[in-house]
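Rule-based calculations on the coordinates, nothing more; no lab input. This structure is a prediction, so every number in the text was calculated from the model and none was measured. We place every Cβ from the backbone using ideal geometry, glycine too, and count neighbours over all the protein chains shown.
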Amino acid sequence: MNVEDELSLVHQAIKLAEQGHGTAEPNPLVGCIITDRNGVVIGEGFHENFGEEHAEINALNQAGKSAKGGTAYVTLEPCNHQGKTPPCTEALIGSEISRVVIGTKDPHNIASGGIDTLLNAGITVDVLDDALCKELLAPFTRKIQTGLPWITCKWAQTKNGSLETPIGDSPWISSKESQQLVHEERGCIDAIVVGVGTVIADNPSLTVREATPFRTPIRIVIDPNLRSPKEANIFNSEAPTIIACKKGQDTSSFSHCKIVELPSNNGKLELAPLFQHLVSEFDTTHVMVEGGATLFTHIFEQKLANELWIFVAPTVSNTEPIINMNTICKQLDTDCIHKDICGVDTVLRYKINL
Ligand SMILES: NC(=O)c1ccc[n+]([C@@H]2O[C@H](COP(=O)([O-])OP(=O)(O)OC[C@H]3O[C@@H](n4cnc5c(N)ncnc54)[C@H](OP(=O)(O)O)[C@@H]3O)[C@@H](O)[C@H]2O)c1
């Protein structure tokens, strides 16, 4: 098989891995394809559920005895330790596979070492150091290396950069199809964050609706001075809620939710301790910040965002927004990684270079 065909198999394994989003975390998303000694695909698998079989095991189970003499194409270095399941290296060695092609090395100290174990067992190992495999693993790598979750800033805007709906229009900027996409993603992540201005203006529920709730994201409001109304929808019983406020506030009337007190500097809350808390307390992998513009500016200033997910509606607001998201975006160092159409909206994804 030539190099392009092999790379293409690893990239197909990425597509498999992505199917685990929402159920595999906090483990990394991993996909695996196995070919027999003639290069024919005989097994495909991905890590489907946290605590259950890893991608290699699911692919080996499909491949059966024909894996002997074949090759495994796996997006991540096979694990080498006994965790909730036995080491994948053991199963690969037991299958008498000849070669393992690895997309990227494991950044995790506990699980890594798989390459050496395979080599010591006489298996040929090739590590591709592939950019797309690294991208797939980025949220896991970020958590391991920084103690922070992967933070996506998501918003809907008009063509001229406003987050506010034109007066007299529908309360939504984006199309129904775009809202559906957002709900699907909400059902796969760990937490949604908004500013108190959004709670007061829109009274959102921040729940997963008309999509499968693989996870129930924690709702978090950045509310330094505890201005969130007690009757706000974010306090309903449909999901847990955390209010992040300034240290030293009287929190006695907020017994209906969890409070996280944050340090502040010249009136600005430091948000990194909140995200670190989410990782240490809940093993959070993915957080989606849903606005408004004031909160986004704080997140960008504090260099916490990893990704932008922007829904640009074909409308134009008749007033110049106080915070223009088009201007804000130009000030960030980003790479556009995806552009699509959803309903009438243009959907853009940017990776932020931190
Ligand atoms: N199109 C969209 O996707 C979208 C999404 C969400 C909201 N919106 C719209 O945006 C508007 C609300 O946005 P907004 O910018 O006014 O409010 P916001 O960003 O939701 O909340 C801003 C408030 O949050 C607090 N805050 C956030 N981060 C902080 C930090 N690091 N340090 C200190 N305080 C912090 C401050 O509260 P204090 O004032 O108490 O200090 C600040 O005034 C609404 O009209 C809503 O409809 C649109």
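Within the straight-line cut-off of under 20 Å between alpha carbons, the lysines reachable from K268 are K246, K247, K303, sequence neighbours fewer than 8 places apart in one chain being disregarded. Shape class for region 169-306, computed from the alpha carbon gyration tensor (a ≥ b ≥ c): rounded, with a/c under 1.5. To the nearest ten degrees, helix 176-186 and the longest principal axis of the Cα atoms of the chain are 60 degrees apart.
The trypsin sites (Lys or Arg not before Pro) of region 41-124 that meet both conditions, a loop assignment by DSSP and at most 12 other Cβ atoms within 10 Å of the site Cβ, are K84. When both bridge partners sit in the chain, DSSP labels roughly 40% of those beta bridges antiparallel.
Here the 3J(HN,Hα) profile of region 120-133, calculated from phi with Karplus coefficients 6.51, -1.76 and 1.60 at θ = phi - 60°, is 5, 8, x, 8, 6, 10, 10, 10, 8, 6, 7, 4, 6, 5 Hz, Gly and Pro shown as x.
Restricting the GluC sites (Glu not before Pro) of region 170-275 to loop positions (DSSP other than H, G, I, E, B) with no more than 10 neighbouring Cβ atoms within 10 Å leaves E210, E231. Shown here for region 291-354: trypsin sites (Lys or Arg not before Pro) in loop regions (DSSP other than H, G, I, E, B) with at most 13 other Cβ atoms within 10 Å, namely K303. Rounded, prolate or oblate: which fits region 70-143 when a ≥ b ≥ c are the square roots of the eigenvalues of the alpha-carbon gyration tensor, with rounded for a/c under 1.5 and prolate only if a/b beats b/c? It comes out oblate by the Cα gyration axes.
So what's the gap between the Cα centers of region 168-216 and region 67-122, to the nearest angstrom? Between the Cα centre of region 168-216 and that of region 67-122, the gap is 39 Å. Under a GNM of the chain (C-alpha, springs under 10 Å), which listed residue has the highest mean-square fluctuation: I323, I243, I189? The residue that fluctuates most here is I323.
Relative to the longest principal axis of the C-alpha atoms of the chain, give the angle of the C-alpha long axis of helix 272-282, reported between 0 and 90° and rounded to the nearest 10°. That helix lies at roughly 50 degrees to the long axis. Taking packing as the residue-averaged number of other Cβ atoms within 10 angstrom, the listed peptides 194-200, 110-116 run from highest to lowest as 194-200, 110-116.
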